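S.K.: Sharing a structure below in structure tokens format, with a few things to ask.
The values are calculated or read from the model by the stated rules, or taken from the named source; none is laboratory data. The structure displayed is predicted, hence computed values, not measured ones. Ideal geometry is used to build each Cβ from the backbone, glycine not excepted, and the neighbour counts take in all protein chains shown. Ligands, DNA and RNA are excluded from the accessible area calculation, which covers all protein heavy atoms including side chains. Shrake-Rupley method; radii C 1.70, N 1.55, O 1.52, S 1.80 Å.
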Amino acid sequence: MAGKVFFSVSMSLDGFIAPESSEDLMGQQWMELQQWIFPLRFFRENLKLGEGGEEGRDNDIVGETFERTGASVMGKRMFDAGEKMWPEEAPFHTPVFVVTHERRDPWERPGGTTFHFVNDGIESALDQARVAAGDRDVRIAGGGATILEYVNAGLIDEFSIALSPVLFGSGIRLFEGVEAGRVALEQVRAEPSPRVTHLTYAVRER
């Protein structure tokens with residue numbers, strides 16, 4: 001299994017990736033954080049929002065992230081929020097493994113997304129996602145607490161941040177609680193676009 005384990009998020013200039021309350025996930029701050037992605041052709045087509053949309057490097061990066069992903073892993077908080085907001089045809093189109101303490105049968109959605117609920121830890125979820133992904137990559141979709149668990153466990157190979165010119169002031173900070181003494185980073189790419197700066201890092205054990 002040759003695929004990498006990675007995450008890809010939008011982050012404010014002061015280090016936050018989401019508001020503290022899930023009720024604010026579609027609020028003004030979150031919309032400003034994500035505004036770079038909404039006009040993109042790939043985003044619109046993937047969510048069946050209609051034809052058209054912007055092309056260019058931002059659009060290419062979103063498409064490349066989607067194409068490399070063979071399976072995703074997410075935490076229960078992200079799933080609970082998404083279950084309310086995603087359309088019937090969820091936007092993943094691959095198996096998704098939800099880290100939870102609950103027992104629940106797989107939930108199959110139109111368009112190729114099936115949610116599998118894993119209640120025996122992050123490593124078990126990742127092992128199952130690797131098998132499902134084959135030679136493609138596994139994306140740790142979020143939220144912040146789940147990403148941090150995988151970083152601290154030494155299970156992330158690479159990550160990308162779309163650094164957005166927005167200030168949050170408070171919320172869920174991407175690396176709050178990271179075991180920094182165990183993590184070394186190597187910059188792979190830095191690409192500015194008109195709306196965000198795309199940063200990609202390889203992760204090494206320090």
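S.K.: Measuring with a 1.4 Å probe in the full set of protein chains, what accessible area per residue, in whole Å², belongs to the stretch 1-117?
M.R.: Accessible surface, normalised per residue, equals 52 Å².
S.K.: With charges only on Cβ, +1 for K and R and -1 for D and E, what is the dipole size of the stretch 1-100 about its Cα centre, in debye, rounded to 20? All intermediate terms of the calculation are to be shown ahead of the outcome.
M.R.: On the way: 9 positive and 17 negative charges, 73 e Å.
Computed charge dipole of the stretch 1-100: roughly 360 debye.
S.K.: Still on this structure, I have one more. Ordered by residue, what ³J(HN,Hα) values in Hz, to whole numbers, does the stretch 40-55 give under the Karplus form 6.51 cos²θ - 1.76 cosθ + 1.60, where θ = phi - 60° and Gly and Pro are x?
M.R.: With coefficients 6.51, -1.76 and 1.60, one gets 6, 4, 4, 4, 5, 5, 5, 9, 6, 8, x, 7, x, x, 7, 10 Hz.
S.K.: Here is a follow-up. For a Förster distance of 25 Å, can you work out the FRET efficiency between the beta-carbons of R68 and A145, rounded to the nearest 0.05?
M.R.: It comes to 0.55.
S.K.: Which value at 222 nm does the chain reach when only helices count, each DSSP H run of 4 or more adding -39,500 (n - 2.57), with the total divided by all residues and rounded to the nearest 500 deg cm²/dmol?
M.R.: That comes out to -8000 deg cm²/dmol.
S.K.: In terms of the Cα gyration tensor, with a ≥ b ≥ c the square roots of its eigenvalues, is the stretch 111-206 rounded because a/c is under 1.5, prolate because a/b exceeds b/c, or oblate?
M.R.: It is prolate, given that a/c is not under 1.5 and a/b is the larger ratio.
S.K.: On to the next question. Magnitude of the Cβ-charge dipole of the chain, K/R +1 and D/E -1, about the Cα centre, nearest 20 debye?
M.R.: With Lys and Arg at +1 and Asp and Glu at -1, about 180 debye.
S.K.: Be a star and scan the stretch 124-166 for residues whose amide nitrogen sits under 11 Å from the point 7 Å along the Cα-to-Cβ vector of R189.
M.R.: In the stretch 124-166, the label zone of R189 (backbone N under 11 Å from the point 7 Å along Cα→Cβ) covers 160-161.
S.K.: Which value, in Å², gives the accessible area per residue of the stretch 135-190 when a 1.4 Å probe is used on the protein heavy atoms?
M.R.: About 48 Å² of surface per residue is accessible.
S.K.: When DSSP assigns beta bridges and you keep just the ones with both residues in the stretch 1-158, what percent turn out antiparallel, to the nearest 5?
M.R.: Bridges in the stretch 1-158 that DSSP calls antiparallel: roughly 10 percent.
S.K.: Identify the GluC sites (Glu not before Pro) of the stretch 21-88 meeting these criteria: DSSP loop state and at most 16 other C-beta atoms within 10 Å of the C-beta. It would help to have the intermediate numbers written out before the result.
M.R.: On the way: sites: E23, E32, E45, E51, E54, E55, E64, E67, E83, E88; in loops: E51, E55, E88.
Listed in order of number, the matching sites are E51, E55, E88.
S.K.: If I stretch the segment between L47 and S170 completely, what's the gain in nm (0.36 nm per residue apart, minus their alpha carbon distance), one decimal?
M.R.: Difference between extended and current length: 41.4 nm.
S.K.: With a cut-off of at most 13 other beta carbons within 10 Å, and DSSP calling the residue loop, which trypsin sites (Lys or Arg not before Pro) in the stretch 6-63 qualify? Please list them.
M.R.: K48
S.K.: Along the positive direction of the dipole of the chain (beta-carbon charges: Lys, Arg +1; Asp, Glu -1; about the Cα centre), which of N46, F175, Y201 reaches farthest?
M.R.: About the Cα centre, the residue reaching furthest to the positive side is Y201.
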